[in-house]
Structure formats: C-alpha cells, structure tokens
There are 2 protein chains.
Amino acid sequence: MCMHLRRAGHAVTVYTRTRERASELLDAGAQWADSPRSVAEQSDVVFSIVGFPRDVREVLLGSQGAVGGLRPGSVVVDMTTSNPQLAVEIEEAASMRQAFALDAPVSGGDIGAREARLSIMVGGTEIAFQAVEPLFAKIGKTIVHQGKAGAGQHTKMVNQILIAAGMVGVCESLLYAHQAGLNPELVLQSVSTGAAGSWSLTNLAPRILRGDFNPGFFVEHFVKDMGIALDECRRMQIALPGLALAHQLYVALQAQGHGRLGTQALELALASLSGITWPSANITATS
Amino acid sequence: MCMHLRRAGHAVTVYTRTRERASELLDAGAQWADSPRSVAEQSDVVFSIVGFPRDVREVLLGSQGAVGGLRPGSVVVDMTTSNPQLAVEIEEAASMRQAFALDAPVSGGDIGAREARLSIMVGGTEIAFQAVEPLFAKIGKTIVHQGKAGAGQHTKMVNQILIAAGMVGVCESLLYAHQAGLNPELVLQSVSTGAAGSWSLTNLAPRILRGDFNPGFFVEHFVKDMGIALDECRRMQIALPGLALAHQLYVALQAQGHGRLGTQALELALASLSGITWPSANITATS
C-alpha cells in the first residue's frame with residue numbers, strides 16, 4: 001500500500017517493527033525512521049496498519065507513538081481493523097495536537113492491496129477525509145466516507161459479520177454435500193449463480209474442495225475482528241446469535257491449532273465436530 | 001413453468017387443486033384432468049410441484065396419485081423441494097409400473113419460473129434424465145444431473161443451507177449498521193462488491209432497508225426446507241449448528257405470525273430479539 005504512494009511520487013518515511021520488511025520500500029527511496037513518533041514528526045499524513053487493537057494503541061498512543069509527534073494540521077490514518085471506540089480516542093488525542101485522525105480499515109486482502117483495488121471504509125471529519133482522499137485513491141478503488149470517527153471501523157464490522165455468516169454457510173453446505181455423497185463440482189454448478197451465490201462460495205469453496213487452507217486472511221485475525229464486533233454489540237445492546245456462533249466455531253478452529261490458516265479452514269472445525277476428517281492438502285505446510 | 005411447455009408446442013394435460021389457477025393454461029389449449037392419476041394416464045412425462053412433502057406423497061403416491069396411472073416407459077418428475085428419501089420411494093413405486101422418476105427441485109423463484117431461467121437440480125437415472133432434458137431446457141437455464149434418486153433434493157438442500165446462513169448474515173449486519181447509526185446505503189457501497197458480497201445482500205438488503213417484506217419466497221416454505229435438511233443431517237450424522245440456528249430464528253419469525261412474508265423478514269425477528277422495532281412498510285398488507 002505504501003509502495004503505491006511512493007510510486008505516485010510522494011516522499012515516504014517508514015517505520016516497521018521488523019526493518020527487513022521495509023527493505024523494498026527503502027530501496028525505492030523511502031526514508032527510515034526509528035519510531036512511529038519520528039515518522040509523524042516528518043509527515044503531513046501518517047498511515048498505520050498493524051495486527052490487533054493493542055498494537056494500534058502502542059503504535060499511535062504509546063510513548064513513542066505517532067500521535068505524540070503529529071504536526072498541527074496533519075492527519076493520522078489508522079487502517080488496522082480495530083475498535084471503533086479506540087478510533088474515537090485516537091481522534092481526541094490527535095485534536096489535542098491540533099491534528100486530525102481518520103479510521104480507515106480496508107477489505108480486499110493481500111491481492112487488493114497489491115493491485116490497489118481495496119475497499120476503504122473511512123470515519124472522521126469531512127475536512128480530514130477530503131485532505132487524504134487523493135492518497136486513498138492511490139491504494140484503493142472503493143473509497144467511502146462513512147461518517148464520524150469510528151464509522152469506518154463500524155462499517156468494517158458490518159463487512160466481517162457478513163463474511164462470518166457466509167463462511168459458516170459455505171462450509172456447512174460443503175459438509176452436507178460431502179456426507180450426502182454428491183459430486184461437489186456439479187453441486188457448485190447448480191448453486192453458484194443463483195440466490196445462494198456469494199463471493200465466498202465462488203472464491204473459497206474450490207480451495208476447500210482441494211484441501212487448500214493457505215491463508216488469504218488468517219483465522220486469528222478474523223477471531224479478533226469478530227471479538228471486536230461482539231464487544232460492540234454488547235455495548236450497543238444488540239444480540240447477533242449468528243455472529244456469536246461463527247465466533248465460537250472459529251475459536252474452536254484456533255484451539256485446534258489452526259490460527260494461522262485461512263478462514264476457509266472453518267471446514268476443518270465443522271468436519272471434526274461430526275467426527276469427519278476433511279482431506280487437507282496443505283495443513284502441515286502452513287500451520 | 002407448464003406454460004413454457006405448452007408454448008413450445010407440447011400437448012399438456014393439467015390438474016390443480018384449485019382449478020381457477022389453471023385457467024390461463026386451459027385458455028392456451030391445455031386439457032383438464034380430474035386427478036393426478038388421470039394426468040398420468042394420458043401423459044409421457046408427468047411434472048408435479050406442490051408445497052410440502054405430505055402434498056407430494058398425496059399427489060404422487062395417494063389413491064388418486066399420479067404414480068398409479070403411470071404408463072410403462074413414462075417419467076414422473078417431482079419439482080417440489082422435498083425429502084430425498086421420499087424421492088427414492090417415488091422412484092421405487094414408479095419402477096413397479098415399469099416407469100421412471102426424477103427429483104428435480106428448482107431455484108430462481110417466481111421470476112426465474114416466468115423467465116425460464118430456473119436452476120434445475122436433477123436426481124434419478126441417466127436414461128430418465130436424458131429423456132426429460134429437452135423439456136427441462138424449456139423451463140430452466142442451468143440444468144444439472146446431480147446423481148441418483150434424491151441427489152436433486154440433496155443439492156437443493158445445499159442451496160438452502162447457503163441461503164439460510166446468508167440471510168442471517170445480511171439481517172444481522174443490517175441490524176448492526178442500524179444500531180451503530182451508520183448510513184446503510186453508504187455501507188452497502190463499501191461492502192457489496194468485495195468478499196462480503198452475495199446475491200442476498202445485493203437483492204434483499206435494499207428491500208429490508210425500505211421495509212419491504214413482500215414474499216419472493218415464503219418464510220413457511222423456507223422453514224419446511226430447513227427442517228428437511230436438518231432431518232437429513234440427523235440421518236447422515238452431521239451437525240450443522242449454523243443451519244440449526246437459522247431454522248430456529250425462522251421458526252420464531254413464523255411464531256410471530258410472519259410465515260407468509262418473504263425470507264428477508266428475518267430482520268423483524270432479529271430486531272425484536274433485541275427489543276428494536278424495524279421500520280416495516282408492508283407487513284399489514286402481506287401477512
């Protein structure tokens with residue numbers, strides 16, 4: 001994502017916890033900084049994308065965090081899928097330095113990032129959104145300002161709730177087809193293009209059928225995302241039983257040692273629940 | 001569906017429980033018969049499509065049922081979404097009369113039937129499938145022979161398992177968006193075309209948002225379908241917790257008096273579960 005900005009001619013300063021992961025970017029003319037705070041001290045717009053909300057807190061609000069180095073009028077943009085309340089907290093901390101904050105989680109995966117085709121869901125003030133929009137346009141394709149701080153994260157939660165239910169449906173339906181002795185390729189011909197059709201069915205069912213559980217998106221990150229959504233549901237006082245069930249099934253999958261597989265590995269947890277061993281080509285190689 | 005066959009020049013004999021519902025077909029030159037058995041006595045291929053498995057049993061295996069009138073070499077084709085075991089039973093009964101049977105449930109809804117764009121999922125012998133395939137081609141678009149008797153019904157169950165989970169995801173995600181104060185149209189812009197995308201999201205979410213719960217597909221028929229799938233799961237010894245949850249939520253929706261609304265009305269049950277009243281434009285008109 002950062003490389004797209006560099007290639008578009010922007011001066012880029014970079015910090016990563018593992019410096020080698022920035023080597024390609026440094027070779028392309030980016031400057032190295034020793035801390036997130038140091039990045040912010042040299043930048044008009046600061047992007048962060050890390051793993052968990054606790055990492056966001058450290059990288060943005062910690063003693064060497066970016067917010068402490070923000071210049072007046074600058075914008076910090078957190079693209080991690082994280083807690084909507086934390087996004088509000090970051091905006092408040094940025095405003096103490098006369099700076100702005102946006103929450104801007106993405107969907108589209110590794111491929112979307114590489115091909116600059118991400119969907120970017122943005123929360124924060126209109127003025128900050130307009131300032132950063134030309135940069136978003138270099139790394140994403142669908143860029144929507146969803147509302148005030150936290151609205152980007154909330155929108156990403158909507159996305160993940162949809163994916164959670166969709167994966168349960170895909171994996172349960174394939175288990176049913178398997179147990180009924182159907183030919184799964186023929187079944188997909190019948191069901192893929194009608195009312196049962198989905199991105200998950202088209203893109204992940206074929207991988208499940210050949211036992212390919214390599215990660216597009218890690219189980220452990222999905223468990224984190226659903227946990228955030230469930231925390232928000234409790235806070236907002238709504239019960240989403242389907243999301244809660246999907247979360248528990250993924251926790252079980254993680255408990256089975258599969259946290260570093262892709263989300264389509266849910267098939268393994270569902271099969272094991274019924275004492276069935278699903279043919280798995282790539283588990284040893286990736287877990 | 002029958003009208004497509006008539007328009008293609010086939011001689012059609014028709015029986016319905018409510019004769020007025022056949023009037024358009026009779027005006028187009030179809031012959032009336034007084035029972036399913038009488039239809040079979042005058043036909044090479046007999047199609048049935050009714051509501052519930054008990055109706056299939058009556059219309060095909062009852063004293064005035066079609067199977068009793070089957071001519072040697074003829075084919076009875078049940079297009080009801082029904083029990084896979086019942087499809088096997090029908091094939092056995094047909095074979096006693098030197099006749100054939102196919103189970104051929106469809107997806108695509110009223111519109112798919114009208115436009116001859118149904119997906120037809122067929123179980124039965126190859127010879128019977130080949131005999132009827134030219135007729136299927138007049139009423140459907142995606143026609144796949146899935147395997148022996150019951151395989152069509154099993155494939156339809158796969159389809160319904162996918163839809164069940166998808167509807168839970170769509171309705172839960174819209175409830176989340178509502179409670180988080182998001183603009184749902186903007187949210188759909190961000191999530192519809194990526195990994196969260198599905199037919200249900202594209203086609204039913206807009207109806208839910210405008211409170212349109214008119215039936216494309218009746219809640220009470222969907223409850224029946226999921227019940228069949230769960231019976232089969234118990235018989236085949238697999239646990240599908242997502243399907244079981246969806247079934248229970250739809251039973252609740254039915255208990256609330258909404259069995260004759262469309263499946264997208266699941267939003268009402270989910271909202272009521274959290275004490276939220278969902279704006280509903282058309283409930284009085286349709287339930």
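Regarding B:Ala177, is this residue at negative phi and part of a helix (DSSP H, G or I)? When the stated conditions are applied, B:Ala177 passes them.
Being part of a helix (DSSP H, G or I) and crowded, with 24+ Cβ neighbours inside 10 Å is the requirement here; does A:Ala87 meet it? It is true that A:Ala87 is part of a helix (DSSP H, G or I) and crowded, with 24+ Cβ neighbours inside 10 Å.
Mind listing just one residue for me: the one in segment A:185-199 that is part of a helix (DSSP H, G or I) and more than 7 Å from every other protein chain (Cβ to nearest Cβ) and, of those, farthest from the chain's Cα centre (by Cα)? Among residues in segment A:185-199 that are part of a helix (DSSP H, G or I) and more than 7 Å from every other protein chain (Cβ to nearest Cβ), the one farthest from the chain's Cα centre (by Cα) is A:Glu185.
Taking (1) facing another protein chain (nearest Cβ under 7 Å); (2) of a type in the set (Gly, Ala, Ser); (3) surrounded by fewer than 24 Cβ atoms within 10 Å (Cβ to Cβ) in turn, A:Ala255 satisfies each apart from (1). Output the residues belonging to segment A:260-281 that are part of a loop (DSSP other than H, G, I, E, B) and open to solvent by 10 Å² or more (accessible area, probe 1.4 Å). Once the filter is applied, which keeps residues that are part of a loop (DSSP other than H, G, I, E, B) and open to solvent by 10 Å² or more (accessible area, probe 1.4 Å), segment A:260-281 yields A:Arg260, A:Ser274, A:Gly275, A:Ile276, A:Thr277, A:Trp278, A:Pro279, A:Ser280, A:Ala281.
Can you tell me which of A:Gln179, A:Gln248 is of a type in the set (S, T, N, Q), touching a residue at least 12 places away in the same chain (Cβ under 8 Å) and open to solvent by 20 Å² or more (accessible area, probe 1.4 Å)? Give the derivation first.
Details: A:Gln248 fails: touching a residue at least 12 places away in the same chain (Cβ under 8 Å).
None of the others qualify; the one that does is A:Gln179.
From the residues in segment A:200-214 that are touching a strand residue (DSSP E or B) at 6+ places or on another chain (Cβ under 9 Å) and open to solvent by 50 Å² or more (accessible area, probe 1.4 Å), which one is farthest from the other protein chains (Cβ to nearest Cβ)? Of everything passing the filter in segment A:200-214, A:Asn214 is farthest from the other protein chains (Cβ to nearest Cβ).
Report, by residue number, each residue of segment B:66-79 that is small (Gly, Ala, Ser) and open to solvent by 10 Å² or more (accessible area, probe 1.4 Å). Working first, answer last.
Of the residues in segment B:66-79, the ones small (Gly, Ala, Ser) are B:66, B:68-69, B:73-74.
Of everything in segment B:66-79, those that are small (Gly, Ala, Ser) and open to solvent by 10 Å² or more (accessible area, probe 1.4 Å) turn out to be B:Gly68, B:Gly73.
Once segment A:138-173 is narrowed to residues that are more than 8 Å from every other protein chain (Cβ to nearest Cβ) and among the hydrophobic types (A, V, I, L, M, F, W, C), the residue that is surrounded by the fewest Cβ atoms within 10 Å (Cβ to Cβ) is A:Ile143.
Among residues belonging to segment B:125-137 that are more than 13 Å from chain A (Cβ to nearest Cβ) and not aliphatic (A, V, I, L, M), point out the one that is least open to solvent (accessible area, probe 1.4 Å). Working first, answer last.
In the first step, residues of segment B:125-137 are kept if they are more than 13 Å from chain A (Cβ to nearest Cβ); the result is B:125-128, B:130-135, B:137.
Restricting the remaining residues to those that are not aliphatic (A, V, I, L, M) gives B:125-126, B:130, B:133-134.
Values: B:Thr125: 56, B:Glu126: 92, B:Gln130: 108, B:Glu133: 73, B:Pro134: 73 Å².
Here the residue is B:Thr125.
Please go through (1) more than 11 Å from chain A (Cβ to nearest Cβ); (2) under 17 Å from the mean Cα position of the chain (by Cα); (3) assigned to a loop (DSSP other than H, G, I, E, B) for B:Asp225 and return the number of the only condition it doesn't satisfy. The one condition B:Asp225 does not meet is (3). Confirm whether B:Val77 is closer than 26 Å to B:Phe222 by Cβ, in contact with a helix residue (DSSP H, G or I) (Cβ under 7 Å, 6 or more places away or on another chain), without any contact (Cβ under 8 Å) to a residue 24 or more places away in the chain and outside any loop (DSSP other than H, G, I, E, B). Considered against the rule, which asks whether it is closer than 26 Å to B:Phe222 by Cβ, in contact with a helix residue (DSSP H, G or I) (Cβ under 7 Å, 6 or more places away or on another chain), without any contact (Cβ under 8 Å) to a residue 24 or more places away in the chain and outside any loop (DSSP other than H, G, I, E, B), B:Val77 comes out as no. Total residues in segment A:26-60 satisfying the condition of being open to solvent by less than 20 Å² (accessible area, probe 1.4 Å), farther than 20 Å from A:Arg6 by Cα and in contact with a Leu (Cβ under 8 Å, 6 or more places away or on another chain): the figure is 1.
Residues being surrounded by 17 or more Cβ atoms within 10 Å (Cβ to Cβ) and free of Cβ contacts under 8 Å to residues at least 40 places away in the same chain: count how many of those fall in segment A:107-116. Selection size over segment A:107-116: 2.
If you go through segment B:236-248, how many residues are part of a helix (DSSP H, G or I), under 13 Å from A:Leu245 (Cβ atoms) and within 7 Å of chain A (Cβ to nearest Cβ)?
Keep residues of segment B:236-248 that are part of a helix (DSSP H, G or I), which gives B:236, B:241-248.
Filter again for under 13 Å from A:Leu245 (Cβ atoms), leaving B:241-248.
Subsequent filtering for residues that are within 7 Å of chain A (Cβ to nearest Cβ) retains B:241-243, B:245.
Residues meeting the conditions: 4.
Name the one entry in B:Ser63, B:Ser82 that is open to solvent by 80 Å² or more (accessible area, probe 1.4 Å) and not in a helix (DSSP H, G or I).
Values: B:Ser82 fails: open to solvent by 80 Å² or more (accessible area, probe 1.4 Å).
Exactly one residue qualifies, and that residue is B:Ser63.
Sub-7 Å Cβ pairs linking a first residue in segment B:36-54 that is under 16 Å from B:Ala94 (Cα atoms) to a second residue that is open to solvent by 20 Å² or more (accessible area, probe 1.4 Å) and among the aromatic types (Phe, Trp, Tyr), at least 6 apart or interchain, are B:Pro36/B:Tyr15; B:Ser38/B:Tyr15; B:Val39/B:Tyr15, ordered by first then second residue. The residues listed here are A:Ala164, A:Ala113, A:Ala128; of these, the one that is at pLDDT below 95 and either touching a helix residue (DSSP H, G or I) at 6+ places or on another chain (Cβ under 6 Å) or of a type in the set (A, V, I, L, M) (or both) is A:Ala113.
The values are calculated or read from the model by the stated rules, or taken from the named source; none is laboratory data. This one's a predicted model, so the numbers in the text were calculated from it and none came from an experiment. For neighbour counting, all protein chains shown are included, and Cβ atoms are generated from backbone atoms with ideal geometry for every residue, glycine included. Accessible surface areas use protein heavy atoms only, side chains included; no ligands, DNA or RNA. Shrake-Rupley method; radii C 1.70, N 1.55, O 1.52, S 1.80 Å.
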